[in-house]
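Have a look at the structure below, then the notes.
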Amino acid sequence: MNRMLIIGYGNSLRADDGAGIAAVRRIAERYPGVHCKMVHQLGPELAEDIADYKTVVFLDASVEAKEVTVNRIPLPVSMGPMHTHIATAPGVLALAGRLYDASPLNAYIIHIPASSFEFGESCTPETIRHIEHSVESVGRLIDQYAGSPSMTKHHRQG
Amino acid sequence: MVKTITIEPVTRIEGHAKITIHLDEQGTVSDARFHVNEFRGFEKFCEGRLMWEMPGITSRICGICPASHLIASAKAGDEILSIRIPETAEKLRRLMTLAQWTQSHALSFFHLSSPDFLLGFDSDPVKRNVFGLIGEHKEFARRGIRLRKFGQEVIEVLGGRKIHTPWAVAGGVREAFDATKKEHLLAWIPEARETVLLALETLKKIHERYKADIPNFGNFRSLFVGLVSEDGGLEYYDGTLRVMDGGGNIVADKLDPRLYQHFLGEQSEPWSYLKFPYYRPLGYPKGMYRVGPLARVNICDYIETPLAEAERKCFKAMAGDADAMNNSFYYHYARLIELLFSVEKIEQLLHDPSLFGSHIRAKAMINRDEGVGFCEAPRGTLFHHYWVNENGVLQKVNMLIATAQNNLAMNRTVRQIAMHYVDGQSIAEGMLNRVEAGIRCFDPCLSCSTHALGQMPLHLQLFDVKGILLDECVR
């Protein structure tokens, strides 16, 4: 079982909507040993990937967040509605539990404040600043989990 | 009292739509319509962009079949450059197209349609989805998800990411195949093949289970249109167009897809954003035709891989004397035959040494002011038609999308199902679901076909003779 997976998602052609992708791109450069995934949208296929990790961190753009927020997702997650176009981080975690009887020990979702969703491949200056903060937040989680000796035990449900 | 029932949104399809069912004075169905109520206008906002950018832009039309738009767009670029691309590039594009078929067909069957079949048309709609399927048929669902993942893996290996890869370009492709990934992809083949065979076995049981329903699921004669290879085989990347009628007679053959506007017209209706293409020689709406798996398996003379060819023969035998399968329910069967073909052909291509060449892109200046790119997308024949100036700046764009080409047939299917199941006295959820399931046979992608935003709920409305809304159901 691997230690940590970072997943950034969003539409990189819709300005700030791609904040999660931009953040994970920076994380991959700064922490080359950490496994990263950048996806346009969350889908059922991710369940198999995350089932193999002890800690999973999701990064997404948010219109509601005013500052970068780091929220722990309580585990295990029960199954809720999910769509091939609109899947949620808890939904994918629940799916991992149901399909593979496996779940990470820790899961977090980091929301990056976003304001512009117009066509464009660049984030707004304000969101770029928040992206940097989100990378720092992930750095702290990497320090906490990716190097911890306690993370060597596997966790399997059921 | 005349009434209209509206189903909105239509669920488990890609995009937004609603269905209205119109009843007469006796409460029997007089008409039914499939309305597509989303719009994005890609054709318009692509004007003024450089032709070179188009594969990257148009692949964003859809999150399900971006690779098909990528390929059609790159091929339109090839035409404008007036060049023939290197053999390796063509093989790689073919591999990408098959990977697209694999992931999209797996999504259609396992995620979107099998909940109806395995949980039942009348089962609890809250659970009648892929997650309900996981609860009842965990291994089947898990296999379906992994099969789709296989298709996505091939796309990711080729293009660097699962969706919206900018990999194909006018003149070829950007990146050669990473030969170190060959064994990784080949390792998927046995499981993928086993999963498709399991799906076929399951579908045949479904045919038995629903033999009373199937004759009412869009069972009518129409034309069938699609690409075939030079000698009439199943084609997915190139070839020429063949038109077959509902009796299995070839009406037209070896038509140049670049001249599609000569024989395929497009009509608009005020109640839908989705155009209504038709076969020009028969006029509108008599020139109704179907594209996609049902059409492709109907029109081809053979399939080049052994397991898929054996299934094609079974499929044709079921068609009986007509020599063409006219029932839309059998889109599912044709889709699984194509899925089997895709897995077999991907394996063949991965063993083809020419896939690993380094000459992957031909370069040229703008040599034509017009180009048509085409391929078989999962849902049917896809055309990208670009007009450019001497600098390659787009002056005009036309895209003829597979789902739109099935529009007349989808409407006919909805009407037939509604006439059979709707009594006008009450709206039974299971009845509505059968109407939706008729649409799902075609696996429509409304995001593509209207070039529009996509998430897919469903709305059903009931109107009286004066057009007054009497009842509605929204999910």
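Show that you can apply the helix-only estimate: for chain B, add -39,500 (n - 2.57) for every DSSP H stretch of four or more residues, divide by all residues, and state [θ] at 222 nm to the nearest 500.
Values: 17 runs with 187 residues, N = 475.
One gets -12000 deg cm²/dmol as the mean residue ellipticity at 222 nm.
Can you list, largest first and rounded to whole Å, the semi-axes you get for the stretch B:220-326 by taking the square root of 5 times each eigenvalue of its Cα gyration tensor? Intermediate values should be presented prior to the final figure.
Working: eigenvalues 124, 51, 28 Å².
The equivalent ellipsoid of the stretch B:220-326 has semi-axes of 25, 16, 12 Å.
Give me, ordered by chain and number, the residues 5 or more places off residue A:35 or on other chains with an amide H under 5 Å from its own placed amide H.
A:4, A:6
Relative to the first principal axis of the alpha-carbon coordinates of chain B, what is the inclination of helix B:306-319, with its axis defined by its Cα atoms, in degrees from 0 to 90 and to the nearest 10?
Roughly 30 degrees between the two axes.
Per residue, how much accessible area does chain A have with a 1.4 Å probe, in Å²? Mind dumping the intermediate values first?
Values: 7000 Å² over 158 residues.
Result: 44 Å² per residue.
Counting only C-alpha contacts under 8 Å and six or more residues apart, can you give the relative contact order of the stretch B:220-326 as a whole percent? Could the numbers behind the result be given before it?
Details: 188 pairs, mean separation 32.5, N = 107.
Computed over the stretch B:220-326, the figure is 30 percent.
Given an 8 Å cut-off on Cα distances and at least 6 residues of separation, report the relative contact order of chain A as a percent. Can you show the working numbers first?
Details: 347 pairs, mean separation 50.9, N = 158.
Relative CO of chain A lands at 32 percent.
Based on the alpha-carbon gyration tensor of the stretch B:144-271 and its eigenvalue square roots a ≥ b ≥ c, which shape applies: rounded if a/c is under 1.5, prolate if not and a/b is larger than b/c, or oblate? Kindly include the intermediate steps, with their values, before the conclusion.
Working: a/c = 2.07, a/b = 1.21, b/c = 1.72.
Cα axes put the stretch B:144-271 in the oblate bin.
Out of the GluC sites (Glu not before Pro) in the stretch A:47-79, which ones are loop residues according to DSSP with at most 14 other C-beta atoms within 10 Å? Mind showing how you got there, number by number?
On the way: sites: A:48, A:64, A:67; in loops: A:64, A:67.
The qualifying sites are A:64, A:67.
If you take every DSSP beta bridge whose two residues both sit in the stretch A:2-149, what share of them, in percent to the nearest 5, is antiparallel? Kindly include the intermediate steps, with their values, before the conclusion.
Values: 4 of 24 bridges.
Taking every DSSP beta bridge with both residues in the stretch A:2-149, the antiparallel ones total about 15 percent.
Peptide A:40-48: average number of partner chain Cβ atoms within 10 Å per residue?
Numbers: counts 7, 2, 0, 9, 13, 11, 2, 4, 4.
Mean partner shielding for this stretch: 6.
Got the relative contact order for chain B handy, in percent, Cα pairs under 8 Å and 6 or more residues apart?
Details: 1108 pairs, mean separation 149.8, N = 475.
The value is 32 percent.
Students often forget the sequence filter, so: which lysines lie under 28 Å Cα-Cα from residue B:316 once same-chain residues fewer than 8 apart are removed?
B:204, B:205, B:211, B:254, B:286, B:345
For the stretch B:86-181, what are the per-bin percents of Cα-Cα distances with bins 10 Å wide, up to the bin holding the maximum?
For the stretch B:86-181, the pair-distance distribution reads 16, 37, 23, 16, 8, 0.
Using only Cα atoms, what Kirkwood radius does chain B have, in angstroms? Kindly include the intermediate steps, with their values, before the conclusion.
On the way: mean 1/r = 0.0447 Å⁻¹.
Mean inverse Cα-Cα distance, inverted, gives 22.4 Å.
Mind listing, in residue-number order, the residues in the stretch B:132-158 that have at least 50 Å² less accessible area with every protein chain present than in their own chain alone (1.4 Å probe)?
The answer is B:134, B:138, B:142, B:145, B:149 - residues whose exposure falls by at least 50 Å² when every protein chain is included.
Out of the total accessible area of chain B (probe 1.4 Å, heavy atoms of protein only), what percent is carbon and sulfur?
Values: 8150 of 16230 Å².
Carbon and sulfur: 50 percent of the exposed surface of chain B.
Would you mind computing the Rg to Rh ratio of the protein assembly as shown from its alpha-carbon coordinates, Kirkwood style for Rh? Before the final figure, lay out the partial values.
Values: Rg = 24.3 Å, Rh = 25.2 Å.
Rg/Rh for the protein assembly as shown comes to 0.96.
GluC sites (Glu not before Pro), restricted to the stretch B:191-237: which are DSSP loop and have at most 14 other Cβ atoms within 10 Å?
Values: sites: B:191, B:194, B:201, B:208, B:230, B:235; in loops: B:230, B:235.
Passing sites in the stretch B:191-237 are B:230.
Using a/c under 1.5 as the rounded threshold, could you call chain A rounded, prolate or oblate? The axes a ≥ b ≥ c are square roots of the C-alpha gyration tensor eigenvalues, and prolate needs a/b larger than b/c, oblate otherwise.
Details: a/c = 2.08, a/b = 1.39, b/c = 1.50.
It is oblate, given that a/c is not under 1.5 and a/b is not larger than b/c.
How far apart, in nm, are the 7 Å Cα→Cβ label points at residue B:367 and residue A:122?
3.7 nm
How many square angstrom of accessible surface are buried between B and A, both sides summed, with a 1.4 Å probe and rounding to 100? Write down the numbers at each step before the final one.
Numbers: alone 17290 and 8120 Å², together 23230 Å².
Answer for the B-A pair: about 2200 Å² buried.
Determine the calculated [θ] at 222 nm for chain A from helices alone, applying -39500 (n - 2.57) to every DSSP H run no shorter than 4 residues and normalising by the residue count; nearest 500 deg cm²/dmol.
Values: 4 runs with 46 residues, N = 158.
That comes out to -9000 deg cm²/dmol.
Can you return the lysines within cross-link range of residue B:363? Criterion is Cα-Cα under 16 Å, with same-chain partners fewer than 8 residues away left out.
B:75
Hand me the trypsin sites (Lys or Arg not before Pro) from the stretch B:287-377 located in a DSSP loop with no more than 10 other Cβ atoms within 10 Å, in residue order please.
Details: sites: B:290, B:296, B:312, B:313, B:316, B:335, B:345, B:361, B:363, B:368; in loops: B:363, B:368.
Answer by residue number: B:363.
Within straight cross-link reach of residue B:396, meaning Cα distance under 19 Å, which aspartates and glutamates are found once same-chain residues fewer than 8 apart are removed?
The reachable aspartates and glutamates, counting only those whose Cα sits under 19 Å from residue B:396, are B:43, B:47, B:53, B:78, B:79, B:266, B:369, B:370.
Over what distance in Å are the Cα centres of the stretch A:83-133 and the stretch B:265-331 separated?
40 Å
Arrange the peptides A:139-146, B:270-277, B:88-95 so that the one whose residues have, on average, the most other Cβ atoms within 10 Å appears first. Could the numbers behind the result be given before it?
Working: A:139-146: 15.5, B:270-277: 18.6, B:88-95: 22.9.
Going by the mean number of other Cβ atoms within 10 Å, highest first, we get B:88-95, B:270-277, A:139-146.
Count charges around residue B:146 for me, please; just the other residues with Cβ under 13 Å from its Cβ, Lys/Arg as +1, Asp/Glu as -1. Walk me through the numbers before you get to the answer.
Values: positive: B:138, B:142, B:143, B:148, B:149, B:193; negative: A:45, A:48, A:49, B:139, B:153, B:191, B:194.
Within the 13 Å Cβ shell, the charges total -1.
Quick one: length gained pulling residue B:250 to residue B:82 fully straight, 0.36 nm per residue minus the C-alpha distance? All intermediate terms of the calculation are to be shown ahead of the outcome.
Details: separation 168, 0.36 × 168 = 60.48 nm, distance 3.11 nm.
Full extension from residue B:250 to residue B:82 adds 57.4 nm.
Suppose we keep just the DSSP beta bridges with both residues in the protein assembly as shown; what percent of those would be antiparallel, to 5?
On the way: 52 of 80 bridges.
Roughly 65 percent of the beta bridges in the protein assembly as shown run antiparallel, per DSSP.
The values are calculated or read from the model by the stated rules, or taken from the named source; none is laboratory data. Bear in mind the structure is a predicted one, so any value in this text is a computation, not a measurement. Please note: Cβ atoms are built from the backbone with ideal geometry, for glycine as well, and neighbour counts cover all protein chains shown. We work out accessible area using only protein heavy atoms, side chains counted, and drop any ligands, DNA or RNA first. Shrake-Rupley method; radii C 1.70, N 1.55, O 1.52, S 1.80 Å.
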